[in-house]
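Below: one structure, written as structure tokens.
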Amino acid sequence: MPTARPRHLITETDDVAAALDIPAALWPDLSRPQLLVKLAVTAAEPLAAQARQARRLAAMDRIEAGEFDGL
């Protein structure tokens, strides 16, 4: 399918196959490529929350150190 978006190729090594077997049991209706997309989106959510928390903590550290100069 034509697209202007980047494409990513992933070889299904033994490690990748084993990793895909786990969500395949949860989402049996999804193909292997669909599982990769689902995993990427699902894994990004907690990582984004961790990044937000790290930014908040860093801002609090700057405030406590008197380095905060406003927004």
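Here, each number is a calculation from the coordinates, and none is a lab measurement. For clarity, every value in this text was computed on a predicted model and none was experimentally measured. Because the Cβ atoms are built from the backbone with ideal geometry, glycine has one as well, and the counts that use them run over all protein chains shown.
Values computed for the structure shown
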{"quantity": "Selection within the stretch 1-35 - among the small types (Gly, Ala, Ser) and either assigned to a helix (DSSP H, G or I) or within 18 Å of the chain's Cα centre (by Cα) (or both)", "calculated": "Ala17, Ala18, Ala19, Ala24, Ala25"}
{"quantity": "All positions within the stretch 32-41 that are surrounded by 11 or more Cβ atoms within 10 Å (Cβ to Cβ) and more than 13 Å from Glu12 (Cα to Cα)", "calculated": "Gln34, Val37, Lys38, Leu39"}
{"quantity": "Residues within the stretch 45-63 that are exposed (fewer than 10 other Cβ atoms within 10 Å of the Cβ) and among the acidic types (Asp, Glu), tallied", "calculated": "1"}
